[in-house]
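> Here it is: the structure, laid out below.
Quick note: the coordinates plus some simple rules give every number you see, no bench work behind them. It should be emphasised that the depicted structure is a prediction, and the values quoted were computed from it without experimental measurement. Heads up, the Cβs are rebuilt from the backbone with ideal geometry, glycines too, and the neighbour counts pull from every protein chain shown.
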Amino acid sequence: MHNEVLKASRRGHTAEDTEKASRLIKENALRLCLQMMIGLPGNDAEKNMFTAKRICELDADDTRIYPCLVIRGTDLHKWYAEKKYQPLSIEEAVNQTKDILPIFEKYHVNIIKNQFRFDLCCMIQPS
């Protein structure tokens with residue numbers, strides 16, 4: 001939930017947008033699930049820790065953790081080809097996820113799924 005990461009990756013919203021939407025969801029007694037994507041441009045392990053804590057502070061009931069994938073035909077693919085972006089290796093993605101899991105466990109945030117599916121027909125595998 002860092003605005004510079006959201007902007008760099010063109011997510012289309014700000015951290016404040018997420019916080020406002022989360023408050024509205026909780027005020028209306030709805031279940032809040034916040035998704036977390038690791039490995040976005042400008043993101044790092046320290047920012048992952050901050051985001052995980054922020055998700056817990058927003059009183060999320062559930063979370064999903066996704067690694068950022070490079071898909072052919074996207075801006076991210078272009079940045080990868082231009083060597084302006086390097087995706088996480090599978091090992092890095094697993095380790096960064098492993099490091100944030102205890103935060104969610106401490107705050108009793110249900111982890112719906114760790115999304116480690118790879119569609120090899122459209123993903124660019126880092127070398």
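> Please count how many residues of the range 52-85 are of a type outside the set (A, V, I, L, M, F, W, C), closer than 19 Å to His2 by Cα and assigned to a loop (DSSP other than H, G, I, E, B).
Within the range 52-85, residues that are of a type outside the set (A, V, I, L, M, F, W, C), closer than 19 Å to His2 by Cα and assigned to a loop (DSSP other than H, G, I, E, B) number 2.
> Being within 23 Å of Val109 (Cβ to Cβ), surrounded by fewer than 19 Cβ atoms within 10 Å (Cβ to Cβ) and in contact (Cβ under 8 Å) with a residue 60 or more places away in the chain is true for just one of Cys33, Cys56. Which residue is that? Let's see the steps before the verdict.
On the way: Cys56 fails: in contact (Cβ under 8 Å) with a residue 60 or more places away in the chain.
That would be Cys33, the only listed residue that is within 23 Å of Val109 (Cβ to Cβ), surrounded by fewer than 19 Cβ atoms within 10 Å (Cβ to Cβ) and in contact (Cβ under 8 Å) with a residue 60 or more places away in the chain.
> If I filter the range 101-110 for residues that are of a type in the set (D, E, K, R) and not in a helix (DSSP H, G or I), do I get at least one hit?
Residues of the range 101-110 of a type in the set (D, E, K, R): 105-106.
Those left that are additionally not in a helix (DSSP H, G or I): none.
No; the residues of the range 101-110 include none that is of a type in the set (D, E, K, R) and not in a helix (DSSP H, G or I).
> Assess whether Thr18 counts as being closer than 15 Å to Ile103 by Cα and either touching a strand residue (DSSP E or B) at 6+ places or on another chain (Cβ under 8 Å) or among the basic types (Lys, Arg) (or both).
Judged against the criteria, Thr18 is not a match.
> Restricting attention to the range 11-49, which residues are farther than 21 Å from Asp59 by Cα and either over 13 Å from the mean Cα position of the chain (by Cα) or in a strand (DSSP E or B) (or both)?
Within the range 11-49, the first condition is being farther than 21 Å from Asp59 by Cα, and the residues that meet it are 11-12, 39-45.
Once the filter is applied, which keeps residues that are farther than 21 Å from Asp59 by Cα and either over 13 Å from the mean Cα position of the chain (by Cα) or in a strand (DSSP E or B) (or both), the range 11-49 yields only Gly12.
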